[in-house]
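Coordinate-derived values only; no laboratory data. This is a predicted model, so every value here is computed, not measured. Cβ placement follows ideal geometry from the backbone for every residue including glycine, while neighbour counts extend to all protein chains displayed.
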Protein chains: 2
Amino acid sequence: MRICLIGFGAVGQGVVKAISLKKRDIKNKFNMDLKVVGVSDSSGSAINPGGLDEDLLLDIKSKTSKVSNYPKYGNSAIQGIGLLDNIDYDCLIEATPTNIETGEPAKSLTLKAFKDKKDVVTSNKGHLALFYNEIINKSKENNVKFKFEASVGGAMPIINFSKKTLASSKIESIIGILNGTTNFILSRMTSEGSSYKNTLEESQVLGIAETDPSQDVEGIDAACKTVILANSILGIDCVYDDIEIKGISNITSEAIELAKKEGYLIKLIAEVSKDNLKVAPRLVKKNSPYAVEGTLNMATLKTDLADDVTVIGKGAGSLETASAILTDLINIGKLKN
Amino acid sequence: MRICLIGFGAVGQGVVKAISLKKRDIKNKFNMDLKVVGVSDSSGSAINPGGLDEDLLLDIKSKTSKVSNYPKYGNSAIQGIGLLDNIDYDCLIEATPTNIETGEPAKSLTLKAFKDKKDVVTSNKGHLALFYNEIINKSKENNVKFKFEASVGGAMPIINFSKKTLASSKIESIIGILNGTTNFILSRMTSEGSSYKNTLEESQVLGIAETDPSQDVEGIDAACKTVILANSILGIDCVYDDIEIKGISNITSEAIELAKKEGYLIKLIAEVSKDNLKVAPRLVKKNSPYAVEGTLNMATLKTDLADDVTVIGKGAGSLETASAILTDLINIGKLKN
């Protein structure tokens, strides 16, 4: 499987590292040859039909921050969508930053790859939150595979879990913590009794919250994931604007203290069901599956046969997110064999 | 797919109920026709090559407790292993009670079905804990499918999860709560401050603990599941006698209180790794994935790429366990198509 990777930030680098670590295992276990033939970042690209060296890619990127500095095969003239016309590949891994205003460049990249009859794996949320149905329909029209486990919850692999491991049950609703940054802030406010403002600042210092934290703390990131789960697991036709969103910036340490005294925690909860599509702070019971701390994500699937089943995992992280992308690649490879 | 079901207790009845509820869905979604052609309990059997009526089976069993009373197709002369020579079927669902001394009748039933080139799905732990490798090898020799998700943790579907949803990662160890009864007892002792003896009695009144609770409280049930996970997920060749086992009957309310003060809970934890195969009471942190209460089971898979991923679900329950058996049936059906 010849891979073209567009987007070489934390997720993209995680993918290349994971391929370097696991390609021998994947060859042995699934009879799949993973070969990275093209990588693009904002500096340009590196292209080699014979396969790029993963460790060298990572080294060049970490030392110079430009993939176009890759020896011999580096190219500062070809970049992004332009790369797709300049290499022969089987699967696009689309790992550009999420853009919730336009869904770009993820949308154009994905549709271009579909048109060229290529499979796509993405970690991007923006285009899915805005244009889920259009994108899925285009993948079907072109008879290509499209997978996006990594777009929701990094290493909390809930989409494949629903479809494969819970094949016998109908999923009736999903309730979960889909954003790690807000879970970290609320957990710290609970354990330390600190204010929202101070805890946010601490999270920024630790690199857990971004300089502009609004995507996380205003519930935007969790809402994008809500759209993706609603469409892909529950078959609810919805877009980002259908989600009722309330963030955590008004939560006081007093409210948390009050909840704590009664045996509850405050968490930013996403609810995905026929009746409710919303992200809002809610009370959850201590020592329940919802009570996970730190940057963990979790989701409880309410099912008809298996009752409640919960998955907990890291919501972010370079290698963790790459694990979801690699599982998607393996599943595409299996479908092709 | 023509199904022969041996063992018509809580799990067996759950399977028949689940098939009744879901056979139309399964036909539509997976193009599989599930047909129950034979059912056996200790009274005899009901056999109809054209298919038995699921709701009538459940009704007869609940009203008379004997499946042999099934109108027209009931038979008190044919029972258990004898049934396998008297019907034509594709898959045996083996749901007899676990026997940790001999593994019977599960072992004989399973090997007989393999010899006859039939696939087998089981919820039984005994034969797997005692003879895992022998049984797996026989299934391979006979080129039949053998699945046993329901043997570990009912609706905490960890085996399929490891193999399918986490396909890209190597599972390095598993740490979990694999027994619901002991989790209930320890959770109640923690919330109520009650003694082990009183809490056990309360659990027996509620039907959560059995009259002879030793399989649960002495850690035997969790140890059987430890063997199954070690072999099937981690590839560790081991049997029941290799597991170091310590139950919960010596846990005092004072110990629980002391742990609580320091932010910990006491849980009966199974550890499955190359270095450790053991079941023992251990301290876990509050508000961690290990802190689940009631009869819930959980397991944290420590992986190389995805870091820690946890699954939580009901460890028992008629329909919940049936959900795992039905997913196994669906997976067998997919492999055949």
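Descriptive notes on the structure:
- Degrees between helix A:180-192 axis and first principal axis of chain A (Cα, 0 to 90, nearest 10): 30 degrees
- Per-residue [θ]222 nm for the protein assembly as shown (sum of -39500 (n - 2.57) over DSSP H runs n ≥ 4, rounded to 500): -12000 deg cm²/dmol
- Cβ-placed point charges (K, R +1; D, E -1), dipole of region A:203-313 about Cα centre in debye, nearest 20: 420 debye
- Working from Cα pairs under 8 Å separated by at least six residues, relative contact order for region B:162-314 is 35 percent.
- Simple Cβ-charge dipole of the protein assembly as shown, Lys/Arg +1 and Asp/Glu -1, about Cα centre, in debye nearest 20: 1580 debye
- Counting Cβ atoms of other protein chains within 10 Å of each residue's Cβ and taking the mean over peptide B:280-289 gives 3.
- Point-to-point label distance, B:SER191-B:LEU335, nm (Cα→Cβ direction, 7 Å offset): 4.0 nm
- Label-to-label distance, nm, for residues given as B:GLU244 and B:ASN143 (7 Å Cα→Cβ offset): 4.5 nm
- Nm distances between copies for B:ASN99, ranked from closest, using label points 7 Å along Cα→Cβ: 6.8
- For A:GLU172 and A:LYS285, a Förster radius of 25 Å and the Cβ-Cβ distance give a FRET efficiency of 0.75, rounded to the nearest 0.05.
- Principal-axis tilt of helix B:318-336 within chain B, Cα atoms, nearest 10 degrees: 60 degrees
- Excluding exposed DSSP-loop trypsin sites (Lys or Arg not before Pro) (at most 10 other C-beta within 10 Å), longest clean stretch of chain B: B:118-337
- Folded to 0 to 90 degrees: helix B:220-232 orientation relative to chain B principal axis, Cα: 70 degrees
- Those chymotrypsin sites (Phe, Trp or Tyr not before Pro) in region A:41-144 that DSSP places in a loop and that have at most 14 other beta carbons within 10 Å: none
- Considering only A:SER214, A:ALA167, A:ASN198, the residue lying farthest towards the positive end of the dipole of region A:161-221 is A:ALA167, judged by Cα position with unit charges set on Cβ.
- What separates the A:GLY9 label point from its copies, with the point 7 Å along Cα to Cβ, is 5.5 nm, written shortest first.
- Local charge for B:ALA113 was computed over the other residues whose Cβ lies under 12 Å away, with Lys and Arg +1 and Asp and Glu -1, and equals +2.
- Cα-Cα over 30 Å, subset of B:LYS17/B:LYS274; A:LYS117/B:LYS147; A:LYS115/A:LYS246; A:LYS29/A:LYS147; A:LYS334/B:LYS267; A:LYS163/A:LYS197: B:LYS17/B:LYS274; A:LYS117/B:LYS147; A:LYS115/A:LYS246; A:LYS334/B:LYS267; A:LYS163/A:LYS197
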